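The values are calculated or read from the model by the stated rules, or taken from the named source; none is laboratory data. These figures come from a predicted structure and were not determined experimentally. Backbone-built Cβ (ideal geometry, glycine too); neighbour counts: all protein chains shown.
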Amino acid sequence: MSELLAKVAEILGAPETLVQRSAEARAEASGNTVEEVLQSWAGGEAIAASAPTAEASVTEEAPVEEVVAEEAPVEEVKEEVVAEEVPVAKSVTTKVETVIKKVSMANNTMGIKLNTETTLPRWLNFSFMIIPVFILIGMINTSGAQECGVNGILDVDRKSQQTVNCDGSPFEGKGVASTNAVNYVAVGQQVYSGAAACAGCHGANGGGGVGPSFIGGALYKTFPTCADHAKWIQLGSAGWQAEVGAAYGAEDTISIGGMPGFQGKLTEEELMAVVVFERVVFGGGNTEEVLIDCGLLETEEEEENIEAVSTTP
Amino acid sequence: MKIKLIPNDEQDLSKVFIFLLPLVVLLSASINFLKDAFRSFSNVLPGNQVLNYGFLDKLSNQISFNFLFSFILVVTVVYLLSKSLGRSIIIFPLFFLTGLGLIGIEFMDVVLAFLSPEQLLDLGNTSVLLLIKILLVGAFLGLILLNFLAKKEPSIFLSSQFLLGAVVFYLISLLIYRSEYTVMSDNFFINSMYLSTHIYVGCSFVFLSIFYFLITKGMQATLFSKTLGTISFWGYLFLLPWTGFKYFYGTTLPDWIENVSIYLSLSLIIPLLALIVNYSKTVATKENKEPVFSILISFAFVVFGLTNVLQIISSISNVTPIVSLSNFEYSVRYGYMYSLILILIPFVYHLVPKIYGREFIYGRLETFNAYLLGTSVVATLSLNALIGINSGFSWNAGANAGNPTIYGEGFLITWSLISTPYTLILFLSLLFLLSTFMFTLSTLKAIIGGSVTESETVSEISGDNDE
């Protein structure tokens, strides 16, 4: 039996397991034994005894009897019967080929079979086409978010961690008077990303995260004046509750705790610098106006007054 | 039972590994349980330089994500590579030594952690051994590539593709890893890249390698589509390395990289769909009717699928800010690792008769253990996701009111929301430990006392490479 199986497998050029399965299926359908089926595939007799074929040959034998009276045509009829057998054998071979076509070996060593006549479901093909398109559109739409230059956003030099203009040149603050010794925006940026770690909660670009967002006008809505802003950073939520009250900011936001106070942790200059930095870079304020609001730059009128006072005897 | 300490071929080596593997899984589960115990009950437990949550957390990461991972990777390569390439491993002595060295160096990191706890970094590695690891993984990759070049099978089976991918990304992750950072954003960036390449890609690829082997050879089923397998391979290869950045949303990482991460994480639906269809259609033709074996594979697949779904959910624009910088990422990290451990169990059960020639009988213990493992893992992942959402909501609620709750009193509010799930996780860790113990018992019982059956021999296709 196994030799016969091996022979058939060799003739058909298919794995023995598949030939065995096909033979079993054929035998079950035809009512023959597996061995008979294998013999017929190995080049022996065709399966004339299979149930449907037998019926067919019986019906076709009827005319034989009719012709018996005329002896000569008997042979012709016999030929016809033989001729009928050929398609049976053919159909067996075709069926075997069909089974074999469907499955091939994905890995011979492990005997892993692969379905070679796979058609993927339409919905799956459709999904594979449509999903990447949506993803691509989404990526394009969000790719421009918070670019350098938008809402006053500046760039940060990764090595020096200094605030720089979008073209990479050093940022010296818009309209900062040359007499102003401290570049509050640059110092503020350093404090924001470094010492005070504000960026950890409020985001490198002030977009928020664990802490609230500063961009899109949010900062000026809460703190229209520099003084309130500075006081909030100085006291933190706990200090604010103790000293000022439960609500903070122009919109009377209820303080429930969380913002750390930086009094004593930052110098006065650093604290004011971070306020200026946030108001200029994230709030979009004019540097000179912000510095004036924070009391870090005197207006021309004030300067004149000071000069007038100083020159008064 | 005869185990050679100096193996002659991959079959001998697999014998050693299959014997040791359950013990390594047990070690990992034990440290994980201890870590969880110290997180919830540190105030009543004795503490010292080693017995504290911070150290145990790092140690658990080292054992699970590095030592256990490298062990599973080497075991899988040793067994599956030769089979799927149709030849016995070439330059086997060198291959054996490199594999052993790789496992050894990861174990050395565990030992070193006890000697100098301060050397152990957050994700387990120490900078001392990092260079040697890189050299060993590089050599291992080189040997695998040599075997690929000398293959005798006409085509490369999916399992080998995934294994090669896993080793390549293992090497990439080690090259990325740094111990010291000068800039905050570098820390986030490198941590995220390491998580994605080492854990997300590494664990997924080893999982998928074993998975494709088990659903075809193990279940005696016909693989539905190689195309879908290839889609899942390239899909995961391109998408997974990018998925970690979204968990640092709103931090000092550049916005573009966070957005790319979000959209590429959403794209994970493509390889996941391919995998689901391939799995369901392949399994429909299975001839192996052993229910426990199928259940274990199904549980592993469910956990892997669930992890992918968590990745996709956390990329929805309204959800990302809530789950970023929270424990939600833990459920993803552990999801990949747990799916790997879950698929390992039927893999070992399948290999015991083949390697040792001992019959493996699926009794009541194995059935009970399969359900216990599956449910404890799924529940742990769900609880970690819940903790992530709870803490994220709490922080965001505080932030919207102008008061982030990660400090002081606010943190206590957050802790009250997440402490109960943490205690439940501790209980589930105990169940997981129990399951791994039962798995060790089942395996050792079969190896030592199973009835003798026909074992597999090293087979090689005659002739040259067909391609």
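Considered as a group, the residues in region B:223-259 that are within 20 Å of the chain's Cα centre (by Cα) and among the aliphatic types (A, V, I, L, M) include one that is nearest to the other protein chains (Cβ to nearest Cβ), and that residue is B:LEU239.
Looking at B:ILE72, B:ILE90 in this structure, which one is touching a residue at least 60 places away in the same chain (Cβ under 8 Å), under 30 Å from B:SER339 (Cβ atoms) and β-branched (Val, Ile, Thr)? Write out each step before concluding.
Numbers: B:ILE90 fails: under 30 Å from B:SER339 (Cβ atoms).
Exactly one of B:ILE72, B:ILE90 is touching a residue at least 60 places away in the same chain (Cβ under 8 Å), under 30 Å from B:SER339 (Cβ atoms) and β-branched (Val, Ile, Thr), namely B:ILE72.
If you check B:TYR200, B:TYR236, B:TYR212, B:TYR249 for being buried (at least 23 other Cβ atoms within 10 Å of the Cβ) and in contact with a strand residue (DSSP E or B) (Cβ under 8 Å, 6 or more places away or on another chain), only one passes: B:TYR212.
Quick one: which helices (runs of 4 or more DSSP H) sit completely within region B:260-326 and have at least 2 residues that are modelled with pLDDT of 90 or more, more than 11 Å from every other protein chain (Cβ to nearest Cβ) and under 22 Å from B:PHE188 (Cβ atoms)? Steps first, please.
On the way: elements: B:269-283, B:291-313, B:320-323.
Hits in region B:260-326: B:291-313.
Within region B:121-134, identify whether any single residue is hydrophobic (A, V, I, L, M, F, W, C), more than 28 Å from B:GLU456 (Cβ to Cβ) and in contact (Cβ under 8 Å) with a residue 60 or more places away in the chain, and answer yes or no. Walk me through how you get there before you give the answer.
First, pick out the residues of region B:121-134 that are hydrophobic (A, V, I, L, M, F, W, C): B:121, B:123, B:128-132, B:134.
Filter once more, so that each one left must be more than 28 Å from B:GLU456 (Cβ to Cβ): B:121, B:123, B:128-132, B:134.
Then drop every residue that is not in contact (Cβ under 8 Å) with a residue 60 or more places away in the chain, which leaves B:121, B:123.
The answer is yes, given that some residue of region B:121-134 is hydrophobic (A, V, I, L, M, F, W, C), more than 28 Å from B:GLU456 (Cβ to Cβ) and in contact (Cβ under 8 Å) with a residue 60 or more places away in the chain.
Picking from residues in region B:171-197 that are surrounded by fewer than 23 Cβ atoms within 10 Å (Cβ to Cβ) and β-branched (Val, Ile, Thr), the one that is modelled with the highest pLDDT is B:ILE172. The residues on offer are B:VAL44, B:VAL50, and the sole one that is free of Cβ contacts under 8 Å to residues at least 12 places away in the same chain and farther than 29 Å from B:LEU146 by Cα is B:VAL44. Note on region B:84-134: residues that are surrounded by fewer than 23 Cβ atoms within 10 Å (Cβ to Cβ), among the charged types (D, E, K, R) and not in a loop (DSSP other than H, G, I, E, B) total 1.
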